[in-house]
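*Asks:* Can you keep this structure in mind? I'll have questions shortly.
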């Protein structure tokens, strides 16, 4: 293709043409998501409506007054688009928000006049606006945003939402309700995986901050007196770590508490799941690679760091048996043993549904072929044995999907899972990710879609 390009002007023209094609394709995908939602409504009581789960409850995928979508229908669209189920929920929610509550912006997006990502930015802000705007406020936002969306970012949209809340009497009076509490302690793990440190951000009560400052300063001074030659900043960080190690529990039991109560409050243990590659040398000794993985934080760790942890007098080390991922483990029981469960979680690392990335340690361990609880009593062979090759980690949502819908799961080999959707899509999932095995005829629609009016 590029051999025929004779000048930079030709490349510019090709870039513009491709950009227009991408914009049109993205708008069509948004339309498809809306049509999919229309074709798969939730029940009238909303019991099977798609939602987002959070530590404090649940959140709807789109704003008040929009169509509720059957939760089990989302995964099919996600598979077709190569998205996780949560990403597909978000796409459908944005399409519903735009079509039902922001019709002016929806018209411009579906006409290919503005990038889809800008419209989705507005939809996301509107869905999570708190308190929720009434219909008049939403219409006002739509009128303000639609003509100028090309020039607006998230900050500008947030300012408009704040103004709409004031216009429609929804602004929170901080003097009456009290200013929001901004105290927090955050351990930042999303950094360079090769970094051997982690950042800690905190905002404390003034008295607590001054107490911590005094304790850290005293600890740094004590390290210097003991011969530590590190810089002041390094000694302060070491002192903070020492505070964490020595303060095993807050004194919540009180001075008059009995020994049994105090004993229950002072126990502290931190589990680190470390993975290093071991090699058998010619002299039959075992050597370990210099770099391993800290599973809890999905980051790399140096073997030398682990040696320092082990050699620290205040560190209580608990070594778990090595699990051979190629070994077959089994039990006659329905529930897997701790060792078998750990083997499966380590083997797959994440939920094994197509495109899902939820860590396996937060998943259920499910039987690929269901366990027959009556087989032993009736003298029949067990079709769904609790064995390595018949177990798979599934997050709770995809566990329910496998149990209650027509999605079908098979495991042709240990750690390899093949899924077939109700509409005939096929996916293979293994440690390397998701592969699409769908037949070619699924890539060509039989009829051109006709958009349904919002």
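Laboratory data are not the source of any read-out in this text; all were calculated from the coordinates shown. As the structure is a prediction and not an experimental result, all values here were calculated from the model. Using ideal geometry, Cβ is built from the backbone for each residue, glycine included, and neighbour counts are taken over all protein chains shown.
*Asks:* Starting from the 7 Å offset along Cα-to-Cβ, what nm value, one decimal, do you get for the label separation of residue 215 and residue 198?
*Replies:* 1.8 nm
*Asks:* On to the next question. Would you mind ranking 333, 120, 396 so that the residue whose beta carbon has the fewest other beta carbons within 10 Å leads the list?
*Replies:* On the way: 333 10, 120 20, 396 13.
Ranking 333, 120, 396 by Cβ neighbours within 10 Å, fewest first, gives 333, 396, 120.
*Asks:* Sorted from fewest to most neighbouring beta carbons within 10 Å, what does the list 85, 420 look like? Mind showing how you got there, number by number?
*Replies:* Working: 85 26, 420 16.
The fewest-first ordering by Cβ neighbours comes to 420, 85.
*Asks:* Highest mean first, how do 217-226, 133-142 rank when packing is the count of other Cβ atoms within 10 Å averaged over residues?
*Replies:* Values: 217-226: 14.3, 133-142: 17.6.
Going by the mean number of other Cβ atoms within 10 Å, highest first, we get 133-142, 217-226.
*Asks:* Extension gain residue 322-residue 205, at 0.36 nm per residue separation less the Cα-Cα distance, in nm? Working shown, then result.
*Replies:* Numbers: separation 117, 0.36 × 117 = 42.12 nm, distance 4.46 nm.
Taking residue 322 through residue 205 to full extension adds about 37.7 nm, to one decimal.
*Asks:* Could you give the spread of the C-alpha atoms of region 330-442 along their three principal axes, from largest to smallest, in whole angstroms?
*Replies:* 46, 29, 24
*Asks:* Extending each Cα 7 Å along its Cβ direction at residue 279 and residue 132, get the distance between those two points in nm, one decimal.
*Replies:* Placing both labels 7 Å along Cα→Cβ, they lie 6.0 nm apart.
*Asks:* Hey, another quick one. Tell me, 127, 61 in order of fewest to most beta-carbon neighbours within 10 Å?
*Replies:* 127, 61
*Asks:* Which order do the peptides 344-356, 154-166, 27-39 take when ranked by the mean count of other beta-carbon atoms within 10 Å per residue, highest first?
*Replies:* Details: 344-356: 22.4, 154-166: 15.1, 27-39: 19.2.
The packing order, highest mean first, is 344-356, 27-39, 154-166.
*Asks:* Would you mind computing, in nm to one decimal, how far apart the modelled labels at residue 23 and residue 52 are, each placed 7 Å from Cα along Cα→Cβ?
*Replies:* Placing both labels 7 Å along Cα→Cβ, they lie 2.7 nm apart.
*Asks:* Work out, step by step, the length gained on full extension between residue 185 and residue 232: first 0.36 nm times the residue separation, then minus their alpha carbon distance; give nm to one decimal. It would help to have the intermediate numbers written out before the result.
*Replies:* Details: separation 47, 0.36 × 47 = 16.92 nm, distance 2.24 nm.
14.7 nm is the gain from fully extending residue 185 to residue 232.
*Asks:* Report the extension gain between residue 362 and residue 442 in nm, rounded to one decimal, defined as 0.36 nm multiplied by the number of residues separating them, less their alpha carbon distance.
*Replies:* My answer for the length gained is 25.5 nm.
*Asks:* Can you tell me the FRET efficiency between residue 167 and residue 117 if r is taken as the Cβ-Cβ distance and R0 is 25 Å, rounded to the nearest 0.05?
*Replies:* Numbers: r = 27 Å, r/R0 = 1.10.
Rounded to the nearest 0.05, the efficiency is 0.35.
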